[in-house]
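The structure appears right after this line, and notes come after that.
The values are calculated or read from the model by the stated rules, or taken from the named source; none is laboratory data. A quick note: this is a predicted structure, and the numbers were derived from the prediction, not measured. Positions of Cβ are backbone-derived with ideal geometry, glycine not excepted, and every protein chain shown enters the neighbour counts. We work out accessible area using only protein heavy atoms, side chains counted, and drop any ligands, DNA or RNA first. Shrake-Rupley method; radii C 1.70, N 1.55, O 1.52, S 1.80 Å.
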Amino acid sequence: MNDAAATLNCSAAKITRLEKAALAICCLTLAALQGALAWNSSYVFNENGRIASGLMKLKHGDFSSFRVNPPLSDCVGAAPALFGKDVYSSEHKAMVFAPYGRLEYQAGEAFVRETPSHRLYLRLGRLATISFSLAGVFVCFFYGRFLFGSWAGLVAAFLWTFSPYVLGYGSTIGADVPSAVLALAAVGVFHYWLKTRSALALPLFGVTLGIAQLCKFTLLALYPLVFIMWTIDATVRRLRKRTTVRAVFVELRDLLVWGAGVSLLLINMGYLFGGTCKPLGEYQFRSRLLSGLPSPKESLSNTGNRFSDTTLGLLPVPLPEDYLLGIDAQRLDFERGLPSYRGGVWSARGWFSYYCYALALKLPLGVLALSGLAFGTFLFKRGRGACPDELVLWGTFFFLFLLISSQKGFSTHSRYILPALPFLFVAIGRLGANGNRARSSRLLRADRAVVAVLCAQTAFSCLASYPNAISYFNALTPIAARGIERPLGPEPRASTRVGRALERFDSAITSAAPCCLLDSNLDWGQDAYRLDAWVKSRDDVQEMKVCLWSNGDDLLKKTSPIYKTRVDAGKSPWLALSVNYLFDEQKNYRWLWEQRPVAVVGRTIYVYRLSTEDDDSEQAVKEPE
């Protein structure tokens with residue numbers, strides 16, 4: 001029996017008790033780890049705006065806020081707050097969102113300010129969002145099992161469970177993990193249809209593809225991707241005379257109806273058909289791509305439409321108005337560019353190699369080693385029968401990876417690469433799978449032993465840094481940061497030799513991480529409540545000035561009068577500073593680099609005890625712009 005038939009038979013077989021137990025362990029572990037993060041972490045950047053925007057969409061059908069992402073993740077995160085009695089004051093209801101504004105920031109601030117139970121709704125919204133991460137366990141398992149057998153499925157599910165990217169960003173209300181799950185599900189269902197031509201697979205593909213488009217605009221890339229996959233498959237079958245020209249055209253028709261048609265219907269349903277079929281020429285765009293304006297600077301005050309005087313401008317657009325305007329807003333961000341940081345260097349725009357650099361430092365070493373082994377195995381065609389399936393996985397991974405890397409307007413968030421990662425995990429599962437190659441059972445066991453050891457290293461590395469999932473960096477980080485200037489770290493405090501060694505290792509990564517990457521790669525605002533817990537554990541902190549990322553300053557001021565943020569707040573020997581501000585481009589706090597912090601909370605907040613002279617200086621209280 002060849003490999004393709006073997007995997008089809010394996011996918012049709014019932015799930016064994018061992019597989020069920022392994023899946024249950026993965027799900028319970030992921031739910032426990034993410035649940036604790038979701039419950040205890042503070043708001044990450046603009047997470048309050050996502051909840052407020054989701055409420056606008058669910059309660060009023062207004063999709064004009066947070067247009068740069070489709071509405072699904074916001075709505076799921078805001079759903080628990082929809083039933084709260086102290087949510088959504090009159091100010092929220094009266095708030096009018098300008099067609100091209102980013103007033104979700106204003107909405108988020110109002111949500112926190114006027115909702116007494118806002119932290120409860122944040123926690124419940126995050127718990128609702130964790131359902132996407134749990135679904136990812138099953139999607140990884142069943143896709144890997146279908147292609148390469150049970151071992152491959154379990155490896156893929158395990159790597160998903162212990163991925164710092166999934167743990168960290170999946171425990172927040174955001175679009176990154178949901179888009180990764182739906183991308184894998186859509187491609188997986190389409191791949192299943194290519195191999196089986198099941199009558200139910202194609203409509204299911206249309207549904208998953210449509211839901212994927214409601215997660216993130218990046219997944220528009222799935223349309224050309226699946227068309228390329230189908231074209232290659234149809235061409236090969238035609239050359240081998242396994243199909244007729246008429247059958248090929250029938251498949252194309254079915255693909256357009258059930259794939260594109262159903263997904264398009266779901267996109268419109270997700271936006272309640274708002275502005276659907278509006279003529280293209282009646283839109284007002286701001287991005288240079290769609291407006292035709294000569295430069296991004298002119299889009300600050302002007303709008304345009306390069307199609308308004310053309311025949312295309314008369315055509316109705318079968319998409320919701322806010323969906324198309326969201327694509328325009330997202331494109332505008334990349335055209336304008338944003339200050340980007342990598343390896344101690346600031347740039348007005350991004351780098352093509354940014355995501356390679358980021359993944360090399362933010363993926364566990366076990367995953368990096370497994371990726372090299374899996375790709376090397378694929379290149380040397382060990383196991384020719386499964387090569388087409390591996391080509392789909394590696395082709396999709398590199399297609400998404402290169403597409404995302406090509407957007408060089410700014411390089412700030414390595415989390416954007418998340419939609420490509422589950423394809424890597426499933427491809428890794430091929431190592432040591434049944435039918436991998438015609439070798440002895442002893443060598444196959446050796447292969448699996450190597451995979452098991454590297455998977456164990458991945459889990460250990462992830463758990464050892466917990467709860468610093470968002471700020472996770474691997475052991476290569478101190479090497480990458482060698483030669484880059486950095487501030488002093490805290491004095492080691494461990495009393496035992498082993499404790500001091502572990503503390504030095506963690507301190508090396510903590511001090512090296514901001515030399516390499518900043519913003520959501522390190523400090524996204526998640527540790528404000530951990531700082532509050534640290535302050536409460538001490539008796540010598542009577543007043544503290546805080547300068548934190550996201551809305552951490554306002555959150556702490558609500559909890560205790562100890563925290564001060566204004567310049568005229570009085571003399572305070574304590575300062576808590578976000579690492580993003582410590583390394584900011586303007587070097588406002590570079591004078592602090594020569595002082596040793598008392599502690600670093602969660603790898604992201606540097607706590608200093610200043611002298612009276614330092615506190616009287618203008619530098620000590622200067623607020624970031």
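Overall size of the stretch 381-539 from C-alpha positions, given as principal axis extents largest first: 66, 45, 33 Å.
Over the stretch 272-367, consider all pairs of different Cα atoms and compute the Kirkwood hydrodynamic radius from their mean reciprocal separation; express it in Å, one decimal. All intermediate terms of the calculation are to be shown ahead of the outcome.
Numbers: mean 1/r = 0.0635 Å⁻¹.
After inverting the mean inverse Cα-Cα distance, the result is 15.8 Å.
Global dimensions of the stretch 151-225 from alpha-carbon coordinates: Rg and Dmax equal 13.6, 38 Å.
The alpha-carbon atoms of the stretch 188-227, seen along their principal axes, cover 29, 16, 12 angstrom, with the largest extent given first. Cα extents for the stretch 489-599 along the principal axes, largest to smallest and rounded to whole angstrom: 42, 35, 25. Per residue, the accessible area of the stretch 414-530 comes to 43 Å², computed with a 1.4 Å probe over protein heavy atoms only.
Could you please report the charge total around Arg603, scoring K, R as +1 and D, E as -1 over all other residues with beta-carbon less than 12 angstrom from its beta-carbon? Net charge around Arg603: -2.
What the Cα atoms of the stretch 111-200 give is an Rg and a Dmax of 16.5, 54 Å.
Per residue, the convex hull spanned by the Cα atoms of the stretch 536-611 measures out at 106 cubic angstrom.
Exceeding 30 Å between C-alpha atoms, which entries from my cross-link table qualify? They are Lys195/Lys216; Lys57/Lys564; Lys57/Lys278; Lys195/Lys278; Lys59/Lys278; Lys408/Lys557. Those over the limit are Lys57/Lys564; Lys195/Lys278; Lys408/Lys557.
At 222 nm, what helix-only mean residue ellipticity would the chain give, in deg cm²/dmol to the nearest 500, using -39500 (n - 2.57) for each DSSP H run of four or more?
Values: 28 runs with 342 residues, N = 625.
Computed ellipticity for the chain at 222 nm equals -17000 deg cm²/dmol.
In the chain, what percentage of the DSSP-assigned beta bridges are antiparallel, given to the nearest 5?
Values: 13 of 19 bridges.
Around 70 percent of the beta bridges assigned by DSSP in the chain are antiparallel ones.
Placing unit charges on C-beta atoms (Lys and Arg positive, Asp and Glu negative, everything else neutral), compute the dipole magnitude of the stretch 107-231 about its Cα centre in debye, rounded to 20. Walk me through the numbers before you get to the answer.
Working: 8 positive and 3 negative charges, 40 e Å.
So the dipole magnitude of the stretch 107-231 works out to roughly 200 debye.
With contacts taken as Cα pairs under 8 Å at a separation of at least 6 residues, the chain carries a relative contact order of 15 percent.
When the alpha carbon gyration tensor of the stretch 312-369 is reduced to an equivalent ellipsoid, its three semi-axes come out at 35, 18, 8 angstrom, largest first.
So how do 458-468, 393-403 stack up, highest first, on mean other-Cβ count within 10 Å?
Details: 458-468: 17.8, 393-403: 19.5.
Listed from highest to lowest mean packing, they are 393-403, 458-468.
As an equivalent ellipsoid, the stretch 172-272 spans semi-axes of 27, 14, 10 angstrom, where each value is the square root of five times an eigenvalue of the C-alpha gyration tensor, largest first. Taking all protein chains as they are arranged and a probe of 1.4 Å, the heavy atoms of Leu18 leave approximately 130 Å² accessible to solvent.
For the stretch 281-426, the equivalent ellipsoid derived from the alpha-carbon gyration tensor has semi-axes of 38, 22, 10 Å in decreasing order.
Exposure here means at most 13 other Cβ atoms within 10 Å; with trypsin sites (Lys or Arg not before Pro) in a DSSP loop as sites, the longest stretch of the chain lacking them is 243-380.
Evaluated at 20 °C with a viscosity of 1.002 mPa s, what Stokes-Einstein diffusion coefficient in µm²/s does the stretch 482-532 have when Rh comes from the Kirkwood expression over alpha-carbon pairs? It comes out at roughly 169 µm²/s.
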